[in-house]
Amino acid sequence: MRYSGLKVIKEALTGHKGWRPTWRDPEPKKSYDVVIIGGGGHGLATAYYLAKNHGLTNVAVIEKGWIGGGNVGRNTTIIRSNYLLDGNEPFYELSLKLWEGLEQDFNYNAMVSQRGILNLVHTDAQRDAARRRGNAMILNGSDAELLDTDGVREMYPFLNFNNARFPIKGGLLHRRGGTVRHDAVAWGYARGADLRGVDIIQNCEVTGFKIENGRCLGVETTKGFIGANKVASCVAGSSSRVMEKAGMRLPIESHVLQAFVSEGLKPVLDGVITFGAGHFYCSQSDKGGLVFGGDLDMYNSYAQRGNLPVVEDVMEGGMALIPALGRVRMLRSWGGIMDMSMDGSPFIDKTHIDGLYFNGGWCYGGFKATPASGWCYAHLLATDTPHKVATAYRLDRFRRGCMIDEKGQGAQPNLH
């Protein structure tokens with residue numbers, strides 16, 4: 001079923017009796033060409049592009065919960081392509097280009113809104129770093145503008161420009177960045193994959209791998225054994241726990257990241273802004289709530305809930321940047337598990353076990369990477385070669401000394 005204006009009008013006139021479920025609810029077959037573990041944005045995008053780009057439709061996506069119930073539905077919805085290093089920027093630029101045509105591609109309203117992202121700078125050194133990053137973005141085909149204080153004031157006059165500790169000296173503006181309705185991304189990819197014959201199997205948890213003579217033959221699940229020529233793990237914050245079942249220890253730590261939504265307000269913020277003197281970023285949803293987040297809870301955890309010291313830190317950052325936030329009531333907050341890699345960059349690679357592939361280590365960057373992650377993972381699964389914009393995302397890069405340390409923080413995952 002394709003969506004169209006005529007279909008909406010017809011259903012409105014006939015009591016909405018013609019709508020069908022967006023995807024099927026099949027029982028798993030005995031075996032598939034490819035089994036993807038994880039029905040989040042990356043897993044569903046991988047299945048969609050396997051079918052669309054490579055004609056592989058004997059594919060199953062196995063999800064322990066429900067579609068859209070993981071990190072793809074628990075983030076702050078931001079998309080951007082504003083990285084510094086050559087290992088990252090071409091990948092995220094591909095992702096942004098895919099976002100720009102996504103709704104037409106999978107015929108689903110994901111509410112892609114390129115409202116712009118402004119990274120504020122508060123020191124001369126930060127301005128130099130922003131200029132360097134902006135030049136790297138432009139060299140890789142993205143867009144960047146360096147604004148002075150008056151340029152920022154013209155866009156957002158309500159910011160605290162005269163803060164004695166953190167005066168706003170300008171900002172790096174990325175006009176093509178913006179926001180997307182996160183759960184609609186999962187639904188759109190799920191629908192597109194299902195239409196092409198992919199089985200999406202919910203409430204089916206992987207409990208083990210069947211590995212013989214160095215080759216992965218399938219997965220043990222709560223719905224029985226499912227054979228596969230190739231098994232692709234794609235489970236974000238659960239990566240280390242799932243891959244442990246295959247005997248692998250990953251260069252990843254899991255940390256909680258919290259996000260917050262305020263009560264609904266009249267339109268006050270038409271873009272995304274990030275505080276350069278603390279970890280705080282904010283946008284306004286189409287329903288009016290201010291959506292913002294901050295830094296990690298710094299200890300390792302698999303718990304999807306945060307702690308009050310980080311709540312206090314985020315609110316302090318917000319108040320330092322936008323004093324008017326003090327009059328806004330918070331509506332809700334939540335925590336998601338980030339798979340933080342040792343250098344802050346992800347992995348899309350084969351493992352040392354034949355037939356077993358890994359996609360993870362996305363740190364804060366998982367949502368905006370969704371289209372390119374699926375595109376490149378599907379390319380790897382179909383051809384057994386890395387996509388040209390993902391050649392740096394190899395598991396052995398630490399042994400080779402080829403880290404992609406975007407923030408220059410060294411081997412401490414929670415600082416990236």
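The values are calculated or read from the model by the stated rules, or taken from the named source; none is laboratory data. Only a predicted model underlies this, so the values are computations on that prediction, with no experimental measurement involved. Because the Cβ atoms are built from the backbone with ideal geometry, glycine has one as well, and the counts that use them run over all protein chains shown. Please note that ligands, DNA and RNA were not included when accessible areas were found on the heavy atoms of the full protein model with its side chains. Shrake-Rupley method; radii C 1.70, N 1.55, O 1.52, S 1.80 Å.
Placing a label point 7 Å from the Cα of E27 along the Cα-to-Cβ direction, the residues of segment 208-231 with a backbone N closer than 15 Å are 222-226.
Of the heavy-atom accessible surface of the chain (probe 1.4 angstrom), what whole percent is carbon and sulfur?
Working: 9220 of 18110 Å².
Carbon with sulfur: 51 percent of the solvent-accessible area.
Other residues lying with their Cβ under 11 Å from the Cβ of L56 contribute a combined charge of +2, Lys and Arg counting +1, Asp and Glu -1. Placing +1 on the Cβ of every Lys and Arg and -1 on the Cβ of every Asp and Glu, with nothing else charged, gives segment 325-416 a dipole about its Cα centre of roughly 480 debye. Solvent-accessible area of D349, all protein chains in place: 10 Å² (probe radius 1.4 Å, heavy atoms, ligands and nucleic acids excluded).
Comparing Cα centroids, segment 382-416 and segment 339-375 end up 9 angstrom apart. Using a 7 Å offset from Cα along Cα-Cβ at D270, what residues in segment 277-321 end up with backbone N under 14 Å from the label point? What the label zone holds, given the 14 Å backbone N cut-off, is 284.
Net charge near P267: determine it from the other residues with C-beta under 15 Å of the C-beta of P267, scoring Lys and Arg +1 and Asp and Glu -1. List each step's numbers first, then the result.
Numbers: positive: R115, K266, K287; negative: E263, D270, D286.
Net of charged neighbours comes to 0.
Please list, by residue number, everything in segment 55-71 whose backbone N is under 18 Å from a paramagnetic label point 7 Å out along Cα→Cβ of R305. Within reach of a label on R305, which here means backbone N under 18 Å from a point 7 Å along Cα→Cβ, segment 55-71 contributes nothing.
Per residue, what accessible area does the chain have, given a 1.4 Å probe and all protein chains present, in Å²?
Values: 18110 Å² over 416 residues.
Each residue of the chain exposes 44 Å² on average to a 1.4 Å probe.
By accessible area of protein heavy atoms, probe 1.4 Å, what ranking do M330, M403 get, highest first? Could the numbers behind the result be given before it?
Details: M330 75, M403 100 Å².
Of M330, M403, the descending order of accessible area is M403, M330.
Taking all protein chains as shown and a probe of 1.4 angstrom, S31 keeps an accessible surface of around 60 Å².
Quick one: if the Förster radius is 25 Å, what FRET efficiency do N203 and T383 give, using the C-beta to C-beta distance and rounding to 0.05? Working shown, then result.
On the way: r = 32 Å, r/R0 = 1.28.
It comes to 0.20.
Note on Y299: accessible area approximately 100 square angstrom, rounded to 10, probe 1.4 Å, nucleic acids and ligands left out. With R₀ set to 41 Å, the beta-carbon distance separating M155 from F225 gives a calculated FRET efficiency near 0.15.
Need one number: % antiparallel among DSSP beta bridges in the chain, to the nearest 5.
Working: 50 of 70 bridges.
If we restrict to bridges inside the chain, about 70 percent are antiparallel.
If you plug the beta carbon distance of R332 and E212 into 1/(1 + (r/R0)^6) with R0 = 45 Å, you get a FRET efficiency near 0.45.
Given 0.36 nm per residue, what is the gain on full extension from A12 to R165 after removing their alpha carbon distance, in nm? Mind showing how you got there, number by number?
Numbers: separation 153, 0.36 × 153 = 55.08 nm, distance 5.64 nm.
Extending this stretch completely gives an extra 49.4 nm.
Rounding to the nearest 10 and keeping the result within 0 to 90°, find how far the Cα-based axis of helix 182-195 lies from the longest principal axis of the chain. Between helix and principal axis, roughly 30 degrees.
With all protein chains present and a 1.4 Å probe, how do K230, K407 order by accessible area, largest first? Could you put the intermediate results ahead of the total?
On the way: K230 40, K407 110 Å².
The ranking, largest first, comes out as K407, K230.
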